Amino acid sequence: MTSRPTLDHSAAAPSKRRFLSSIGPAFITAALVFGPGSIATASSMGASFGYELLWVPVIATVLMLCFVNIGVRIGLTTDKSILGTVAHRLSGLVAVVVGIGSFLVVTSFQAGNSAGTGAAGQLLFGGDPRIFAIVFTVIALVFVWTPRFYPVLEKLMIVIIIVLLVAMVTTAVVTSPDPAAMLAGLVPRMPEGSTTLIVGLAATTFSVVGAMYQIQLVREKGWTAADFRDARRDAVVGSLILGVLSAVIMVAAAATLNPQGISVSSPAALAQILEPIGSWAVVLFAIGLWCAAFSSLVGNSTIGGTMLAGVFRIDRGGISSVPVKICISLVIVLGGVVAAVFGGIPIQLIVVAQSVTILAVPLIGVVMVLLGRHSDRGSLRISAPQLALSLFGVAFLLFLAVTYLINLLG
């Protein structure tokens, strides 16, 4: 009689703890990249074009995986800040251009993030969304000034992204999407009138600025080149979650809003995606919207603040230092003021803002590729296949920028 193998629970527990301790930076990236603008754009794409544009989040996710991986490799092999690394290996001028460009990119989304928290508050409790936007802006400011900011930020973003993922995947499943139409949507095509939305979703799912910020996040985590396997696993999981979130929202909108000809113009229209679930659909949507908005409200501001501090060379202490926190707070306040003045979620403004940011990111992509191929990376220097994929990513960004400009001027 053969004996059954026994499970080594003593070995399983440390393995589980190791896995949990090895996630974080890319989850933060996913949380800060996926905001109310992502929800608005993905919903608009599904509502207007059905499943036809499902290829966009797929390609964007592959490219995001590539560039987040590059950000990890750079972060694990540098002892300087993001802009410090750029200045050291390229030039101070390039560092300033990258810093200002990144700051402008993330700041353009900040008002939408603040307004998104206000809209979620209105859906949950009623009242003036501008009041909720102010309240959550103040909460975000308090959160930024907590001691040991990074560990707290990491834990909050992991919880938020899990809640958001569950809510949005549930949304897609209960809408009973058409599998055949989904497969057909994986074939790239650009229907007339879809350019702005394609550029907008590409800018939010394939966020080169978010990928570059991975340099800072792995340094805040305390990882070194020896932790590359853990960092790479974190990057893959976080990037895939980002892509899945965009795809499932598009699928849900294609299944529910497109057949009815409903356009996405307000939080109420977005909430209709969840109607098949039941009368509590608005509550579930509001929770998801708040998670997306608040995580981006805090996360986006950390990028903008870090980059702004880097431009003035006061970023040496990382995101927990007082100078960087002041810059982060400035970005939060700026977004909160705009949201309080205008109120609501300006869906069209968010989509346009996302599209405009695509004009600044090709340069950032080029900088990341140059740093990723530099000999400073040692054994983590990107290989020829990844170089080819990253160059395709830069070309993709340039194509979107040129296409958008042609449509804008035409």
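The values are calculated or read from the model by the stated rules, or taken from the named source; none is laboratory data. Everything quoted here is computed from the prediction, not taken from an experiment. With ideal geometry, Cβ positions are generated from the backbone for all residues, glycine too; neighbour counts draw on all protein chains shown. We work out accessible area using only protein heavy atoms, side chains counted, and drop any ligands, DNA or RNA first. Shrake-Rupley method; radii C 1.70, N 1.55, O 1.52, S 1.80 Å.
Scanning the range 137-151 for residues that are surrounded by 14 or more Cβ atoms within 10 Å (Cβ to Cβ) and within 17 Å of I28 (Cα to Cα) yields A140, F143, V144, F149, Y150, P151.
You will find that of I70, I82, the residue that is surrounded by 24 or more Cβ atoms within 10 Å (Cβ to Cβ) and in contact with an Asp or Glu (Cβ under 9 Å, 6 or more places away or on another chain) is I82 and no other. With a requirement of 1 or more residues that are touching an Asp or Glu at 6+ places or on another chain (Cβ under 6 Å), the helices (runs of 4 or more DSSP H) lying completely within the range 112-187 that satisfy it span 149-174. With the condition kept exactly as written, say whether any residue in the range 254-268 is over 30 Å from I319 (Cβ atoms), hydrophobic (A, V, I, L, M, F, W, C) and modelled with pLDDT of 85 or more. Yes, because at least one residue in the range 254-268 is over 30 Å from I319 (Cβ atoms), hydrophobic (A, V, I, L, M, F, W, C) and modelled with pLDDT of 85 or more.
If you go through the range 175-190 and keep only what is open to solvent by less than 60 Å² (accessible area, probe 1.4 Å) and at pLDDT below 90, you end up with T175, P177. Any residue in the range 105-112 that is surrounded by fewer than 21 Cβ atoms within 10 Å (Cβ to Cβ) and under 23 Å from the mean Cα position of the chain (by Cα)? Checked against the condition, which is being surrounded by fewer than 21 Cβ atoms within 10 Å (Cβ to Cβ) and under 23 Å from the mean Cα position of the chain (by Cα), the range 105-112 yields no hits at all. Give me the pairs: first residue in the range 187-212 and more than 25 Å from A26 (Cα to Cα), second residue assigned to a loop (DSSP other than H, G, I, E, B), beta-carbon distance under 7 Å, and six or more apart or on different chains, which are they? Within 7 Å, the pairs are R189/E52; P191/E52; S194/L53.
Matching residues to (1) over 24 Å from V98 (Cα atoms); (2) at pLDDT below 90; (3) not hydrophobic (A, V, I, L, M, F, W, C):
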residue: G193; (1), (2), (3): yes, yes, yes
residue: L201; (1), (2), (3): no, yes, no
residue: A211; (1), (2), (3): no, no, no
residue: Q214; (1), (2), (3): no, no, yes
residue: K221; (1), (2), (3): no, yes, yes
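Before we move on, is L63 assigned to a loop (DSSP other than H, G, I, E, B) and open to solvent by less than 10 Å² (accessible area, probe 1.4 Å)? For L63, the condition - assigned to a loop (DSSP other than H, G, I, E, B) and open to solvent by less than 10 Å² (accessible area, probe 1.4 Å) - is not met. Considering only residues that are part of a helix (DSSP H, G or I) and polar (S, T, N, Q), which ones fall in the range 66-95? Once the filter is applied, which keeps residues that are part of a helix (DSSP H, G or I) and polar (S, T, N, Q), the range 66-95 yields N69, T85.
Within the range 68-91, being out of contact with any Leu (no Cβ under 9 Å at 6 or more places or on another chain) and more than 19 Å from T224 (Cβ to Cβ) holds for L83, S91.
When L391, L370, L330, L363 are checked against the criterion of being at pLDDT below 90 and open to solvent by 50 Å² or more (accessible area, probe 1.4 Å), L363 stands alone in meeting it.
Restricting the range 119-131 to residues that are in contact (Cβ under 8 Å) with a residue 24 or more places away in the chain and more than 18 Å from F34 (Cβ to Cβ), the residue that is most open to solvent (accessible area, probe 1.4 Å) is R130. Has the range 200-217 got any residue that is aromatic (F, W, Y), touching a Ser or Thr at 6+ places or on another chain (Cβ under 8 Å) and assigned to a helix (DSSP H, G or I)? Yes.
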